[in-house]
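What follows is a set of notes on a single structure, which appears directly below.
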Amino acid sequence: MAIFFRVESSPPEIDDVEFLNMGFRYAMALTHHREDAEDITQEAWLNLHRRYGSVPSKAVLFTSIKNLVIDRARRGKIVAFESADEIDPPAAPETAAPGAAADVDTLLGELRGNEREALFLHYIEGHTAEEIGKITEQPRNTVLSLMRRGLQKLRQSVSPEPDSSPPTSTT
């Protein structure tokens, strides 16, 4: 008679640098501002090290970052400035499709924060809608709606309007 033991394999350990990078990417998805994301990530990291001696998990780090973003928004520390370039944008060439020259940051900046967060957690971090719902404390269907609306907005930003398509020549 053979006895088999099931060996549970633990997930691979993530080093501090990778944790910081994941936290920074998440903070960027929430704030959409590099300096604020750096500050929030550092503050969350220090708070967790003071409290626990280390960062216990990715979920704890993400929760801490999200809470700091909310706190800063409530206190008015995150202020969106409009640069002079954004006030009077240069005219795009007629041959370029709308959104073709725009970078990803500009396109993501057009989304609401919760849409950007849901898309980040799904496509960058690889979470399911159920997991995102637990992280953001929202129902699964709300998360799915946020992702759908966010993707629709991105598609509309990138694809040309149906009325503005150039006429086709018949030869």
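The values are calculated or read from the model by the stated rules, or taken from the named source; none is laboratory data. These figures come from a predicted structure and were not determined experimentally. Here the Cβ positions follow ideal geometry from the backbone for every residue, glycine too, while neighbour counts run over all protein chains shown. These area figures cover heavy atoms from the full protein model, side chains too; ligands, DNA and RNA do not enter into them. Shrake-Rupley method; radii C 1.70, N 1.55, O 1.52, S 1.80 Å.
Conditions first: (1) over 20 Å from Val104 (Cβ atoms); (2) open to solvent by 40 Å² or more (accessible area, probe 1.4 Å); (3) within 15 Å of the chain's Cα centre (by Cα). Ile40 passes all but one, so which condition is the exception? The number of the failed condition is (2).
Among residues of the range 102-128 that are open to solvent by 40 Å² or more (accessible area, probe 1.4 Å), those with a Cβ under 7 angstrom from a residue that is in a helix (DSSP H, G or I), sequence gap 6+ or separate chain, pair up as Leu108/Arg116; Glu110/Lys153; Glu110/Ser157; Asn114/Leu146; His122/Ile132; His122/Met147; Ile124/Arg25. Kindly indicate whether Phe62 is modelled with pLDDT of 85 or more and open to solvent by 40 Å² or more (accessible area, probe 1.4 Å). No; evaluated as a whole, the condition is false for this residue.
Yes/no per residue for (1) touching a Leu at 6+ places or on another chain (Cβ under 7 Å); (2) more than 22 Å from Arg34 (Cα to Cα); (3) at pLDDT 85 or above:
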| site | (1), (2), (3) |
| --- | --- |
| Asp88 | no, yes, no |
| Pro98 | no, yes, no |
| Asp105 | no, no, no |
| Gly109 | no, no, no |
| Ala118 | yes, no, yes |
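Taking the stated definitions as given, is Ile14 modelled with pLDDT under 90, within 23 Å of Leu108 (Cα to Cα) and not in a helix (DSSP H, G or I)? No; evaluated as a whole, the condition is false for this residue.
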